[in-house]
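Every number in this text was worked out from the coordinates using simple rules, so none of it is lab data. Values in this document were obtained by computation on a predicted structure and should not be read as measured data. For neighbour counting, all protein chains shown are included, and Cβ atoms are generated from backbone atoms with ideal geometry for every residue, glycine included.
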């Protein structure tokens with residue numbers, strides 16, 4: 001009798017099939033209209049806590065598939081199962097239009113939910129305090145409502161970088177046929193970044209060790225392929241679930257606040273001297289500050305969120321002033337007749353640095369910080385002496401965290417560029433004396449050991465996996481040769497310059513039996529028309545490859561680059577040469593290699 005009952009129960013349950021990656025294949029289950037959609041709490045926080053869609057359900061920051069959906073009187077019973085096989089049962093009781101009660105079977109707690117998303121209000125409680133600098137994995141996942149495999153988008157990408165060492169750390173986000181996506185991030189601290197899905201960038205905030213779930217909807221009515229991804233998602237087009245959901249909302253809602261773009265600066269640099277531009281922007285900066293205060297008050301930001309927003313505003317102030325000088329210096333080299341461009345800024349121009357919290361390590365959270373530290377490094381041509389002048393204040397001459405980062409990043413680049421281990425070791429021991437932050441010291445040590453291992457290892461084997469399979473398939477026709485691989489884009493000026501500057505070198509080695517130049521770009525970075533035109537003019541007959549956006553994402557993660565041009569050398573055995581290289585070093589490298 002027991003066996004018969006079990007068989008009957010199993011017959012009532014529809015188990016979805018699991019693909020090779022351990023993910024459930026798409027399955028259309030009739031979900032009643034009164035249950036479908038995003039559900040929010042009815043309290044003042046109005047949090048997104050439940051998502052019910054045709055093939056998946058999201059609850060408790062976890063994505064589930066349906067084992068069974070059935071009605072019982074006025075209730076809807078949902079049997080759910082996650083990717084690890086954990087099972088939950090929930091009871092949904094629809095009430096008035098767009099409202100319901102939800103309760104987990106076995107629990108006495110019942111929650112009233114609504115499908116109406118109201119004005120954002122932040123949760124009152126602050127999250128538990130943990131060390132800001134901590135190395136741990138974070139997990140990001142979610143669901144794309146309206147995802148269509150016909151769009152061709154199989155992956156997303158997060159362009160992470162290590163602020164301490166200036167290493168690129170792009171991370172592929174895999175998108176499954178049912179619209180679910182997931183990826184793992186290795187973080188050193190809480191981070192604001194963007195998830196790139198096609199042509200859309202979805203901002204988020206996450207901390208080491210956390211799991212964050214996103215819902216992204218694709219608006220209706222967009223023509224053709226543009227419907228797949230849009231640059232302008234509506235305000236209700238993104239939801240966040242997890243311990244940092246409120247801070248994600250801060251990032252999302254303020255993603256276009258406090259902007260003074262390159263277009264305005266390009267116009268300003270033709271008519272304003274540095275001090276004049278600085279004076280011009282002061283009213284705008286005061287307006288930004290007042291705006292930040294108003295947002296913080298109106299949306300009842302916690303202290304942590306308020307600090308986060310004010311830092312973003314201050315970094316954007318700094319970036320506007322630094323970008324102006326960077327643009328001016330670059331244009332001055334091209335337009336030597338423009339007297340305004342030839343006027344250099346004095347140290348007084350950088351007095352705004354004293355208004356920035358350069359001692360505050362939480363600056364690292366902001367997505368704007370990577371631009372700030374890059375510009376700041378670029379504008380220190382006289383090195384340490386000028387840095388000391390700029391960092392010095394009336395109270396103290398202690399170098400803040402930003403100054404420590406400048407020294408750390410510079411040392412890491414020197415260590416990676418140095419070929420001799422003993423020279424690198426002496427450099428490491430000498431300059432580490434100036435870096436007193438323990439976490440930064442550990443990062444420099446890691447970079448040194450990777451660049452100069454105790455055993456002299458000049459190359460490494462690519463790890464097994466999808467990315468390596470993609471790369472191997474590209475270079476398969478050139479097995480047994482030394483490969484000089486260039487990742488590039490038709491829209492990248494330095495890429496084109498490098499290609500054109502090596503034309504004579506490529507001609508010299510064109511029929512060499514042991515050497516091959518390889519060029520790889522994607523349909524996202526290089527449109528078919530621009531690619532075909534450029535190849536016909538500059539790479540005719542070369543080993544040039546135009547790959548899909550998703551394949552290119554995997555290659556970026558495999559070779560760790562966020563920007564092009566990026567160069568790699570693959571030896572005859574298919575191993576990757578450790579030493580970094582640029583296109584202007586190709587000739588010397590080949591001459592030395594074939595003279596051995």
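Between 0 and 90 degrees, rounded to the nearest ten: what's the tilt of helix 438-451 against the longest Cα principal axis of the chain?
70 degrees
Which translational diffusion coefficient, to the nearest whole µm²/s, is obtained for the range 16-114 from the Stokes-Einstein equation, given a Kirkwood hydrodynamic radius over C-alpha pairs, 37 °C and 0.692 mPa s?
Diffusion coefficient, whole number: 235 µm²/s.
Could you rank the peptides 86-93, 495-502 by their average count of other C-beta atoms within 10 Å per residue, with the highest value first?
My ranking of the peptides, most packed first, is 495-502, 86-93.
Could you tell me the distance between the Cα centroids of the range 80-101 and the range 580-596, to the nearest Å?
Between the Cα centres of the range 80-101 and the range 580-596 lies a distance of 62 Å.
Can you show me the helix-derived [θ] at 222 nm for the chain, built from DSSP H runs with n ≥ 4 at -39,500 (n - 2.57) apiece and divided by the number of residues, rounded to the nearest 500.
Theoretical 222 nm ellipticity from helices: -10500 deg cm²/dmol.
For a quick protection proxy, order the peptides 245-255, 100-110 by their average other-Cβ count within 10 Å, most packed first.
Averaged packing, sorted descending, gives the order 245-255, 100-110.
Could you compute how fast the range 319-379 diffuses translationally, taking Rh as the Kirkwood radius over C-alpha pairs and applying Stokes-Einstein at 20 °C with viscosity 1.002 mPa s? Give it in µm² per second.
Estimated via Stokes-Einstein, D reaches 165 µm²/s.
According to the square roots a ≥ b ≥ c of the eigenvalues of the Cα gyration tensor, what is the shape class of the range 498-537, taking rounded for a/c under 1.5, prolate for a/b larger than b/c otherwise, and oblate for the remainder?
Verdict is prolate for the range 498-537.
Can you give the % of DSSP beta bridges in the range 459-595 that are antiparallel, to the nearest 5?
Percent antiparallel among DSSP bridges in the range 459-595 is about 40.
Pairs of Cα atoms under 8 Å, at least six residues apart: use those to get the relative contact order of the chain, whole percent.
10 percent
Could you tell me how far the Cα centroid of the range 442-483 sits from the Cα centroid of the range 241-319, in Å?
Comparing the Cα centres of the range 241-319 and the range 442-483, I get a distance of 41 Å.
Please give the direction-averaged projected area of the C-alpha convex hull for the range 480-557, in square nanometres with one decimal.
Taking a quarter of the hull surface, the average projection is 5.3 nm².
Taking the C-alpha atoms of the range 459-512, how large are the radius of gyration and the largest Cα-Cα span, Dmax, in Å?
13.9, 36
What percent does the relative contact order of the range 459-595 come to when contacts are Cα pairs within less than 8 Å and at least six residues apart?
Reported as a whole number, the value is 38 percent.
So what are the range 260-379's ellipsoid semi-axes, whole angstrom, largest first, if each one is the square root of 5 times an eigenvalue of the alpha-carbon gyration tensor?
Gyration-tensor ellipsoid for the range 260-379: 29, 15, 11 Å.
If you average over every viewing direction, what projected area does the convex hull of the Cα atoms of the chain give, in nm²?
34.0 nm²
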